[in-house]
Structure formats: structure tokens, C-alpha cells
Amino acid sequence: MKRDIEQLKKKHFDILVIGGGINGCAIARDAALRGAKTALIEKDDFASGASGNTTKLIHGGIRYLEQGNFKLVYEALHERAILLRTVPHLVRPLEFIIPVYKHDPRGLLKIKTGAFIYDRLAGSDNIHCHRALKKDEVISLERNIDSDNLKGAILYYDAQVDDIRLCLDNAVSAYKAGCCVANKLQAKAFIKDKGRISGVEVRDKLTPEKFFIRASIVVNATGAWSNQVIKMDKPNAAPITRPTKGVHIVYRKLPHLRAIILSAHKDKRILFIIPWRDSTIIATTDTDYNGSLDEAYASEDDVEYLLKEARRIFPGENIDKKGIITTYTGLRPLVNIQGKPTWQVSREHLIKKSNAGLISVVGGKYTTYRHLAEEVVDVALSKLKGRNFKKCITKTTGPSCLREEKLDLPQLVKQAVKEEMANTLNDLLVRRLKLPFKFLFDPGHLEEYASIMANLLGWAKSQKEAEINMYKEEVRKNTAWRQS
């Protein structure tokens, strides 16, 4: 995947997508596969926002049944099945247990009813039917779970995803389909002809050169940053997205085999305790966020909120801050609906069109990204009259950009730089290499990775040291709550 700046300058594109999260990468891929001349730009790195900081789940959203949002659950369950078929190397079935305790805000009958409806909505695409578990059955499956006041549980199935890899694969697949792709390009202003958007002025954060990209249609798929982009079109535009902060704790491996869902006693929110590689993820908060979109990190309150609920489920594990490896935070781009608690705002997406022709997509959830992309491309191509485009094929063809994992370290780094557009040490360590978390903090390994990248990218010694320091600063920010 080559970062071809000259092509971006010279060509006139049918569709220019701003935003390299899962939605933007999938939109670019779908459009390119249909034969549209497509470009994709991202101001930081692919999956560097919410798309790389998820709870690692592809799921129907059993909790949305409580809101009566059967349409969203139905869509998500069937999109889950598509992903299980088309990217089985990245999306795999996962068992979930929902234990119910005496004082929980949701009773066992309610949970059983929800699981029954969930199975019916999945229909023939269901992974397996749920099972109701008695107290002794729960304990036999998960021996370390708290048994006091335990009434029973539900065991059901959803799926787990390598969220960063799936996003990157969509970007690589878009490139292979003919899309011009570049990270580290920031949209600064729109070009307009007779009041209609005809392109974007961008700044190359690696040089930092400014230039123009011309396109008939521009798509805003920037997630939590959408409000900034629409103000480039119309300075007094009302906000279209409501960013909320989702904090996740990466904890030492806890003794559980399945994902566990619990109802928080503090605010009735649904929380997850999930096995992930060599660790456990405890997630997630869901609070309105009004700070800098580029500086969203866990606070001490966020961490304590999640730990407190995890202690209830595993009282014998001495769960405290010492067991935390790191944290990560994503900003969910919810549709801007005020007056509801964040966790009650629908995860459905909306496609908005401005008078100047900007197409913006807001809301949505990771699971339904493929269908969202299909809808956005349908809208975009309908604006390009007199052209015959191919049909959407993403229901049957996944972004299966299989990469070689059994390489030595220099080869893995070279693959990330040359084929996956890793331009910084953060790109490499956070989003390209599937390293055990303990290696991410090892000074010896850090120097080795930086040296290999420096040789590949021609970094001077000062730039290599700057990259190491920027990575260390990112690690510090994700653990800054320790100082409180």
C-alpha cells in the first residue's frame, strides 16, 4: 500500500472519503470495488480513533432490545453472520455468560426473554441457541465467579473481532481495488465551485506540504470529528454528532474462559469482562465528552468505576490498580440526540447531505459497518449521473488481506512499513504488530523496533529519538490516572 501523494494531486476523483476509521475504509473499499475513482485520506492513522479502541466485539447488541430497537438488533445480527463468513480469520464466535444476582437491576426472567428474542431475530444466522443455567451450572463453567446471591445465568453466543486488523484490511483492500490511500493527511478546507464542494485542501503532516485534492463527491466519515468537518462546509452548522468516551481497562489475565456481561449497580449500564489474547478487557464507560478530541484518556474515576464492578464478579481475585496493564479510550460518534443518558442513545446511523453536497455519516456501530458503507456508496454514486457502476459485492467478499505472521522482527516491521503504511512508531507498535502487551513497555524492544523503522524510512537519529519519546508519551497518557 503506497502513499502516492502525486496521484492525489493530479487525479480528479469520483469520491473522496475523509476518515480512516472502519466506516471510511469500508466506504472507500466498496466504492473502489464498484469502479468509482476513489481516494481515502486520514489525518492520523487507520483505526487510530474509535475503530481501534473498541470492546473487540461483533454483536447484535442484546442490550438494545431493552430499548425496543429490534430493527438495529436484527440488522446487526445478520451483519454479524456476514462477517463470520467473509472474514473468519478476524471474526470468531465467542461464548457469553450473563450472571444474574439477587440485587441486579435486571431480573433473570427479563434476561431469559431477551435471549429468546435475540435467537429469534438471528434466525438461521444464529451461531447457537442460548441456554438458561442454574446456579450450580454457572459455577461449574466459571469456578471463580461470585456465587453469593447468584440466581442463575444465560449462556449465549456473539463474536469477537480484531478491530484494528479488520479496519487495516479494509484500507489495504481498498488500495488493491484501485483506491488512492494516504494517512497523515489532514483536511483543512473545502474547495467550492458555485457553492458546491469540488475538493479539499489538505496538509501533509509528514512534510508538511499543502495541496488540493479534487473530487465530485466528498464523504465525511470522521466519526467524533464530524462536527469539525461540517463546520468547514458551513461555519454555523449545528453539531451532528455527540461524542461519548468509552474507557477500556487492559487487565492481567483473569480466571474466566468466557465473556461475562454484568449490569452495573451504580447506573444500570451493561459492562463487559472479556478474554483478549494474553489479558482481560474490562469495559466500558459511556460518558459525554467535551474535551479535545485528540486527547481522550482514562481518568481515575473511569478506572475505579470499572474496577469496582469487576470486583463484584471476581471477589477472590484482589482486583486493583496494580493488575492494570494499560487503558485505552475511544470516542463514540453518537447521533446528536440530547436529553437521554448516553447508553440509551440509539446506535443506528444517519446519512446527512449538505446544500454544498457534503455527505456525512454519523452514528453506527462497528458490527454494521459493511451495511453502512453500502448505503453511503449508494447515495454517493446516485449523484454521479450517466455512469454505469458495478454492484456491491461486500456481502460475499470480505477484505481478506491475509498477511504473513511467521516472519522475523525485521521482516514484520518491513511488511508494516511497505505494505500497511506504518509511518510512525505508534503506527507500528499500537496498530500493526500483534505484540503481547508486556512487550509494549520494554525499553530494549522499543529501541530495536525504532532502529528498524529508522533504517526503512531514513530517519535521522534525532527523529528516531523523537518517535521513541512520542510513543512513551502515549503510554504515559494512557496510564496517567496512576499519578492521582
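So, how do all the Cα-to-Cα distances of the range 220-284 break down into 10 Å bins, in percent, from 0 on up?
19, 31, 20, 21, 9, 0
Please report, in debye to the nearest 20, how large the charge dipole of the chain is about its Cα centre when each Lys and Arg carries +1 at its beta carbon and each Asp and Glu carries -1 there. Intermediate values should be presented prior to the final figure.
Working: 79 positive and 58 negative charges, 265 e Å.
Approximately 1280 debye in magnitude.
Note down the magnitude of the dipole of the range 409-483 about its Cα centre, charges +1 on Lys and Arg C-beta and -1 on Asp and Glu C-beta and zero elsewhere, to the nearest 20 debye.
Working: 12 positive and 10 negative charges, 37 e Å.
Result for the range 409-483 is approximately 180 debye, rounded to the nearest 20.
Provide the convex hull volume over Cα atoms per residue for the range 409-483, in Å³. Walk me through the numbers on the way to the answer.
Details: hull volume 6.4 nm³, N = 75.
Expressed per residue, the convex hull around the Cα atoms of the range 409-483 is 85 Å³.
What angle, in degrees between 0 and 90 and rounded to the nearest 10, separates the Cα long axis of helix 443-457 from the longest principal axis of the Cα atoms of the chain?
20
Which distance in Å, rounded to a whole number, links the C-alpha centroids of the range 1-31 and the range 195-219?
11
Quick one: 3J(HN,Hα) in Hz for the range 71-82, Karplus 6.51/-1.76/1.60 with θ = phi - 60°, rounded, Gly and Pro as x.
Those phi angles translate into 4, 5, 5, 4, 4, 5, 5, 7, 5, 4, 5, 4 Hz.
In whole percent, what relative contact order does the chain give with Cα contacts below 8 Å and a gap of six or more residues? Could the numbers behind the result be given before it?
Numbers: 958 pairs, mean separation 99.0, N = 484.
Dividing the mean separation by the residue count of the chain yields 20 percent.
In nanometres, what is the gap between the two model label sites at Lys11 and Leu293, each 7 Å from Cα along Cα-to-Cβ?
Reported label-point gap for Lys11 and Leu293 is 2.5 nm.
Using +1 at the C-beta of Lys and Arg and -1 at the C-beta of Asp and Glu, which of Thr287, Asn388, Val17 has the Cα lying farthest in the positive direction of the dipole of the chain?
The residue sitting most towards the positive pole is Asn388.
Distance check, please: which entries in Lys176/Lys414; Lys2/Lys461; Lys210/Lys390; Lys11/Lys390; Lys11/Lys234; Lys37/Lys352 exceed 29 angstrom between their Cα atoms?
Numbers: Lys176/Lys414 19 Å; Lys2/Lys461 25 Å; Lys210/Lys390 34 Å; Lys11/Lys390 21 Å; Lys11/Lys234 26 Å; Lys37/Lys352 22 Å.
Where the Cα-Cα span goes over 29 Å, the pairs concerned are Lys210/Lys390.
Take every DSSP beta bridge with both residues inside the chain and express the antiparallel ones as a percent of the total, to the nearest 5. Walk me through the numbers before you get to the answer.
Values: 61 of 79 bridges.
Taking every DSSP beta bridge within the chain, about 75 percent pair in antiparallel fashion.
Looking at the range 241-281, which trypsin sites (Lys or Arg not before Pro) are DSSP coil and have at most 12 other C-beta atoms within 10 Å of their C-beta? Spell out each step's value before the answer.
On the way: sites: Lys245, Arg252, Lys253, Arg258, Lys266, Lys268, Arg269, Arg277; in loops: Lys253, Arg258, Lys266, Lys268, Arg269, Arg277.
Here the trypsin sites (Lys or Arg not before Pro) that fit, given the DSSP loop and packing criteria, are Lys266.
To the nearest 500 deg cm²/dmol, what mean residue ellipticity at 222 nm is calculated for the chain from DSSP H runs of n ≥ 4 alone, each contributing -39,500 (n - 2.57), summed and divided by the residues?
Numbers: 13 runs with 159 residues, N = 484.
Value at 222 nm, helices only: -10000 deg cm²/dmol.
Can you compute the label reach from Lys102? Point 7 Å from Cα along the Cβ direction, backbone N cut-off under 15 Å, restricted to the range 305-344.
none
Sequence neighbours fewer than 8 away in the same chain don't count; with that in mind, list the aspartates and glutamates whose C-alpha is under 16 Å from Lys321.
Hits, sequence-local ones excluded: Glu300, Asp301, Asp302, Glu304, Glu309.
By average Cβ neighbour count within 10 Å, what is the ranking of 208-219, 178-189 from highest down? Can you show the working numbers first?
Numbers: 208-219: 18.8, 178-189: 21.3.
Final packing ranking: 178-189, 208-219.
Compute the long axis of helix 108-122 from its Cα atoms, compare it with the longest principal axis of the Cα atoms of the chain, and write down the angle in degrees, 0 to 90, nearest 10.
40
Taking 26 Å as the cut-off for C-alpha to C-alpha distance, list the pairs among Lys9/Lys418; Lys56/Lys112; Lys340/Lys383 that go past it.
Values: Lys9/Lys418 21 Å; Lys56/Lys112 24 Å; Lys340/Lys383 35 Å.
Beyond 26 Å: Lys340/Lys383.
Counting only residues 5 or more places away or on other chains, whose amide H sits under 5 Å from the amide H of Ile240 once H atoms are built in the peptide plane?
Correct list: Asn227.
Per-residue counts of other Cβ atoms within 10 Å, averaged by peptide: what ranking do you get for 416-429, 454-467, highest first?
Working: 416-429: 21.3, 454-467: 13.9.
Result, highest mean Cβ count within 10 Å first: 416-429, 454-467.
Which order do Tyr175, Tyr157 fall in if you start with the one that has the fewest other Cβ atoms within 10 Å? Don't jump to the answer; show the numbers that get you there.
Numbers: Tyr175 26, Tyr157 21.
Neighbour counts put them in this order, fewest first: Tyr157, Tyr175.
Kindly provide the chymotrypsin sites (Phe, Trp or Tyr not before Pro) of the range 1-91 that DSSP labels as loop, not H, G, I, E or B, and whose Cβ sees at most 16 other Cβ atoms within 10 Å. Could the numbers behind the result be given before it?
Numbers: sites: Phe13, Phe46, Tyr64, Phe70, Tyr74; in loops: Phe46.
Counting only loop positions with at most 16 other Cβ atoms within 10 Å, none of the chymotrypsin sites (Phe, Trp or Tyr not before Pro) in the range 1-91 qualifies.
Which whole number of Å³ per residue matches the convex hull of the alpha-carbon atoms in the range 313-436? Could you put the intermediate results ahead of the total?
Working: hull volume 30.4 nm³, N = 124.
Spelled out: Cα convex hull of the range 313-436, divided by residues, is 245 Å³.
Using only Cα atoms, tell me the angle between helix 163-176 and the longest principal axis of the chain; keep it within 0 to 90° and round to the nearest 10.
Computed tilt is about 30 degrees.
If I take R0 = 45 Å and measure r between the Cβ atoms of Asp267 and Leu402 in this structure, what FRET efficiency does the formula 1/(1 + (r/R0)^6) give, to the nearest 0.05? Don't jump to the answer; show the numbers that get you there.
Working: r = 42 Å, r/R0 = 0.93.
Calculated transfer efficiency: 0.60.
Given the Cα atoms of the chain, and with Rh set as the inverse mean 1/r over their pairs in the Kirkwood sense, what is Rg to Rh to two decimals?
Values: Rg = 22.5 Å, Rh = 23.3 Å.
Using only Cα positions, Rg/Rh for the chain is 0.96.
Throughout, read-outs are computed from the coordinates displayed, never taken from laboratory work. Just so it is clear, the model here is predicted, and its values are computed rather than measured. All Cβ positions, even for glycine, are placed from backbone atoms using ideal geometry, and neighbour counts span all protein chains on display.
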